[in-house]
Amino acid sequence: MHMPIEKVLLVDDDQNIRFVVQMALEGMTSWKVLVAESGQEALTIAEREKPDLILLDMMMPGMDGPTTYSRLKEQGNLVPVIFMTAKVQTHEVEDHLKLGAAGVIAKPFDPMTLHKDILRIVESPSGN
């Protein structure tokens, strides 16, 4: 199933990661990347902008990724969410997927192939 992606919401407390992801995705696709530096900001932007996809950092101060994800679902946000995390041991990835995430992208990631990794996740039936 091919899902058209126009707007991606990137949620990460690390300014360097936000910059790299935004440059990589906007440089290699026609996607518009919206950025949020906290879970709270992500909820506001998601409600207002209705992104097609959310890239969500797992570990953030304040509201972490899983909590943000739960709140997004409570808001009725049903777009695919891909967790981005440095913790990619098998049991951790399985835990993220059990939450309902479309997939997990490991940090550090390759900016040149990030858009392909995202498409592979959202277009595969299992999400991985």
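The values are calculated or read from the model by the stated rules, or taken from the named source; none is laboratory data. This one's a predicted model, so the numbers in the text were calculated from it and none came from an experiment. When we count neighbours, we look across all protein chains shown, and the Cβ atoms used for this are built from the backbone with ideal geometry, even at glycine.
Only one entry in PRO66, PRO61 is of a type outside the set (D, E, K, R), closer than 17 Å to GLY100 by Cα and touching a residue at least 24 places away in the same chain (Cβ under 8 Å), namely PRO66. Out of LEU53, LEU114, LEU43, one residue alone is at pLDDT 95 or above and touching a Pro at 6+ places or on another chain (Cβ under 6 Å). It is LEU53. The set of residues in region 18-34 that are under 14 Å from the mean Cα position of the chain (by Cα) and either outside any helix (DSSP H, G or I) or closer than 10 Å to ILE5 by Cβ (or both) comprises LEU25, TRP31, LYS32, VAL33, LEU34. Close Cβ contacts (under 8 Å, 6 or more residues apart or on different chains) running from residues in region 1-30 that are under 15 Å from ILE54 (Cα atoms) and without any contact (Cβ under 8 Å) to a residue 60 or more places away in the chain to residues that are in a loop (DSSP other than H, G, I, E, B) and of a type in the set (Gly, Ala, Ser) comprise GLU6/SER30; VAL11/SER38; ASP13/SER38.
With respect to the conditions (1) assigned to a loop (DSSP other than H, G, I, E, B); (2) under 23 Å from LEU119 (Cβ atoms); (3) not hydroxyl-bearing (Ser, Thr, Tyr), ILE54 falls short on a single one, namely (1). Return a yes/no flag: does region 76-88 have any residue that is surrounded by 12 or more Cβ atoms within 10 Å (Cβ to Cβ), farther than 25 Å from LEU43 by Cβ and either in contact with a strand residue (DSSP E or B) (Cβ under 9 Å, 6 or more places away or on another chain) or without any contact (Cβ under 8 Å) to a residue 60 or more places away in the chain (or both). Yes, that holds for at least one residue. Going by the structure shown, is ASP95 over 18 Å from ARG18 (Cβ atoms), surrounded by 13 or more Cβ atoms within 10 Å (Cβ to Cβ), out of contact with any Lys or Arg (no Cβ under 9 Å at 6 or more places or on another chain) and of a type in the set (Asp, Glu)? So ASP95 fits the description; yes.
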